[in-house]
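Below: the structure, in structure tokens.
The values are calculated or read from the model by the stated rules, or taken from the named source; none is laboratory data. Computed from a prediction, not measured in an experiment: that's the story for all the values here. Cβ atoms come from the backbone with ideal geometry, glycine included; neighbour counts cover every protein chain shown.
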Amino acid sequence: MMGSLYQWIFNSENLDVNKKVLTTQTGDFSLYDIQKGVEIYISLLKRIGAIRGKRVALIVPSVPSFLNLLLAVNQLEGIIVPISPFLRKDDLTKILEFIKPHIVFTIKQYNGFDFSKTVYDWAHSIKEETVIFESDDCLNWGTLVVEGPPKPVENECIDIIGCTSGSTGIPKGVMVDLEFIKFTAEALSTSMVLSKEDRLFGMVPVSGLFGLCLLLTAIKRQVHFVVTESFSFPDIIQLLKEHSANKLVTSPSLFRALYLLTRDDEDTFYKPLTIVGLGGESISPDFIQTVSSIKNCKMINMYGLSELGCIMFSKNDIRTGIEWALTPGAEINVVNVSDEGIGELTVKTPNGFLGYYQRPDLTEEVYRNGWFYTGDLVRVTNGAKIEFVGRKKDMIKKGGQQVIPGEIEKLLTDHPNVEKAVVVGVPHSIFGEQVVAFVVVRGKVDTGELYSFCQDKVARYKVPDQIFIVDEIPVSQGKVDKVTLRQWALEKNYK
Amino acid sequence: MSFEEFRQLISEISKIPVEQINKNSSFRNDLGIDSLQMVNLLIEVAAKLKLELHMIQSRLDFQTVGGLYESFVKERE
């Protein structure tokens with residue numbers, strides 16, 4: 001059934017509507033404040049007619065407004081498409097072209113980038129009806145309608161489409177429903193042992209499916225969720241200082257960076273912590289070493305996928321070695337096991353995603369008979385212990401965000417002087433992995449120009465951290481030899 | 001370290017052309033530097049200046065290039 005997120009959250013027993021459940025740089029919000037906010041957006045949306053089955057894109061960096069809008073759109077049976085406010089012209093336009101939203105809520109400008117202009121340019125280019133709501137503060141919205149024939153509505157029961165950049169330059173949309181969110185909520189509550197008395201600090205973008213599920217789970221459980229809207233460290237540090245938390249969820253690289261900046265004030269930041277949940281990247285020995293002195297707090301690793309939610313978490317503190325436990329209802333298997341005992345991890349849950357938006361072919365490729373082929377290569381030891389050894393797909397995990405090499409390779413080869421480009425991920429102490437590009441060029445061009453070329457087109461974290469010009473790309477058995485390229489990158493780097 | 005040297009260092013680390021980096025450039029809005037890049041940059045600058053980052057973090061101005069330069073120079077004195 002569509003449109004029931006609101007009921008799921010608010011039809012709880014012992015609902016204390018005055019309890020403060022959300023704090024961000026914007027302010028504090030109780031369940032009552034959220035209910036009122038949702039009502040306002042419902043009446044705003046009703047003014048433009050029925051939105052059932054319509055795709056509603058949200059480029060809304062203010063978390064309370066984002067939450068209110070999300071619940072309002074869902075209540076009216078529209079389909080929510082959260083879009084990261086860290087995207088730039090090229091990657092944003094590609095997502096808009098792919099999703100073709102009927103309605104867009106966008107902040108006008110954010111971090112020096114003009115979102116309104118990019119949204120207008122796209123809406124005018126497709127010459128179909130689009131309703132654009134824009135705002136300076138995510139509170140007061142102006143409406144603008146780009147005229148044209150209406151787009152058809154969705155007939156499938158989709159609640160949310162989470163977007164990621166695809167490997168071929170075409171984005172991927174992960175379609176999920178309320179059952180998926182309920183499953184992830186259960187998994188997060190179990191792994192983080194959430195209760196009403198908790199104050200949970202989140203350094204996770206809520207425009208991603210993981211962050212969005214964490215936000216909804218926290219509100220549903222009436223936890224006090226303190227979540228940063230800004231990813232600038234002084235802002236994060238200030239927020240955590242004002243609202244010291246007993247639980248924290250983020251990626252290993254963001255946690256490490258936070259710790260490097262604040263470790264002289266152990267009492268304020270780390271003493272209150274009982275559980276730190278880390279996800280989005282693997283845990284490196286370097287990470288374990290950095291955080292070894294944090295006492296009396298359990299650090300766990302969470303393993304999940306946009307498509308299936310949170311699947312496993314480490315039972316014990318990761319500093320004593322990782323032993324995985326399955327979240328309630330999840331099943332795993334290892335297939336195509338090699339002689340060395342390494343195979344691909346497959347997972348099954350009672351409520352996985354509904355498929356990739358408009359790509360049944362892609363869905364079929366990785367999701368068969370309820371089993372999802374993760375692309376993660378694992379070794380099974382001592383019966384049930386699982387050790388991650390690599391990835392079949394060569395996705396880069398930088399700071400908890402995913403960077404798809406194919407997207408950046410395509411961007412680089414759009415430059416007139418670039419003949420060939422190959423992008424690899426290389427371990428880095430701050431980023432987790434850094435993005436390294438090798439290019440073969442024709443004519444005269446220096447790397448400085450290539451960096452500038454990428455700068456304004458895609459989200460900053462996707463811009464290569466290093467670009468090397470090479471005479472040719474090494475090939476092994478007819479395929480690009482990424483192993484050699486990673487080796488070159490390590491040799492060429494000073495760290 | 002002179003401002004010119006500081007500017008060069010920022011350019012080297014962030015791969016932003018040195019002529020785009022001025023005293024009043026905002027790291028986030030003008031140079032588009034994101035959070036982890038900023039931490040990476042701070043760590044590198046602190047290492048060059050032989051300062052312990054976590055000791056001085058609360059006194060650093062992260063907003064503009066000139067502001068960060070001034071706050072680092074002050075720490076060194």
> Which of the residues spanning the range B:52-77 are surrounded by 20 or more Cβ atoms within 10 Å (Cβ to Cβ) and modelled with pLDDT of 90 or more?
Replying inline: B:Val65, B:Leu68, B:Tyr69
> For the range A:47-64, what are the residues that are crowded, with 24+ Cβ neighbours inside 10 Å and in contact with a Cys (Cβ under 6 Å, 6 or more places away or on another chain)?
Replying inline: A:Val60
> From the list A:Gly309, A:Gly280, which one is within 13 Å of chain B (Cβ to nearest Cβ), surrounded by 19 or more Cβ atoms within 10 Å (Cβ to Cβ), within 25 Å of the chain's Cα centre (by Cα) and touching a residue at least 40 places away in the same chain (Cβ under 8 Å)?
Replying inline: A:Gly280
> From the set of residues in the range B:1-51 that are surrounded by 17 or more Cβ atoms within 10 Å (Cβ to Cβ) and among the polar types (S, T, N, Q), which is farthest from the other protein chains (Cβ to nearest Cβ)?
Replying inline: B:Ser25
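Conditions tested, residue by residue: (1) buried (at least 19 other Cβ atoms within 10 Å of the Cβ); (2) in contact (Cβ under 8 Å) with a residue 40 or more places away in the chain; (3) of a type in the set (Lys, Arg); (4) on the phi > 0 side of the Ramachandran plot.
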{"position": "A:Ala123", "(1), (2), (3), (4)": "yes, no, no, no"}
{"position": "A:Glu129", "(1), (2), (3), (4)": "no, no, no, no"}
{"position": "A:Cys157", "(1), (2), (3), (4)": "no, yes, no, no"}
{"position": "A:Ile170", "(1), (2), (3), (4)": "no, yes, no, no"}
{"position": "A:Glu179", "(1), (2), (3), (4)": "no, yes, no, no"}
> Within the range A:219-246, restricting attention to residues that are polar (S, T, N, Q), within 11 Å of another protein chain (Cβ to nearest Cβ) and part of a loop (DSSP other than H, G, I, E, B), which residue is surrounded by the most Cβ atoms within 10 Å (Cβ to Cβ)?
Replying inline: A:Thr228
> Looking only at strands (runs of 3 or more DSSP E) that fall completely inside the range A:385-495, which ones have 2 or more residues that are surrounded by fewer than 22 Cβ atoms within 10 Å (Cβ to Cβ), over 25 Å from the mean Cα position of the chain (by Cα) and within 14 Å of chain B (Cβ to nearest Cβ)?
Replying inline: A:466-469
>> Going by what's in this entry, would A:Leu15 be described as over 24 Å from A:Leu354 (Cβ atoms), in the same structural domain as A:Asp159 (by TED's automatic domain parsing), of a type outside the set (Phe, Trp, Tyr) and part of a loop (DSSP other than H, G, I, E, B)?
In response: yes
> So which residues in the range A:247-267 are facing another protein chain (nearest Cβ under 9 Å) and of a type outside the set (Lys, Arg)?
Replying inline: A:Ser253, A:Leu254, A:Ala257, A:Leu258, A:Tyr259, A:Leu260, A:Leu261, A:Thr262, A:Asp264, A:Asp265
>> Between A:Leu69, A:Leu76, which is hydrophobic (A, V, I, L, M, F, W, C), free of Cβ contacts under 8 Å to residues at least 40 places away in the same chain and either surrounded by fewer than 17 Cβ atoms within 10 Å (Cβ to Cβ) or closer than 29 Å to A:Tyr357 by Cα (or both)?
In response: A:Leu69
> outside the structural domain of A:Tyr110 (by TED's automatic domain parsing), among the polar types (S, T, N, Q) and over 21 Å from A:Gly211 (Cα atoms), is that true of A:Ser284?
Replying inline: yes
> Restricting attention to the range A:59-67, does a residue exist that is more than 14 Å from every other protein chain (Cβ to nearest Cβ) and part of a strand (DSSP E or B)?
Replying inline: yes
>> I'd like to know if the range A:445-458 contains one or more residues that are touching a residue at least 24 places away in the same chain (Cβ under 8 Å) and farther than 22 Å from B:Ile21 by Cβ.
In response: no
> Which is touching a Ser or Thr at 6+ places or on another chain (Cβ under 6 Å), of a type in the set (Val, Ile, Thr) and farther than 28 Å from A:Ser84 by Cβ, of B:Val18, B:Val65?
Replying inline: B:Val18
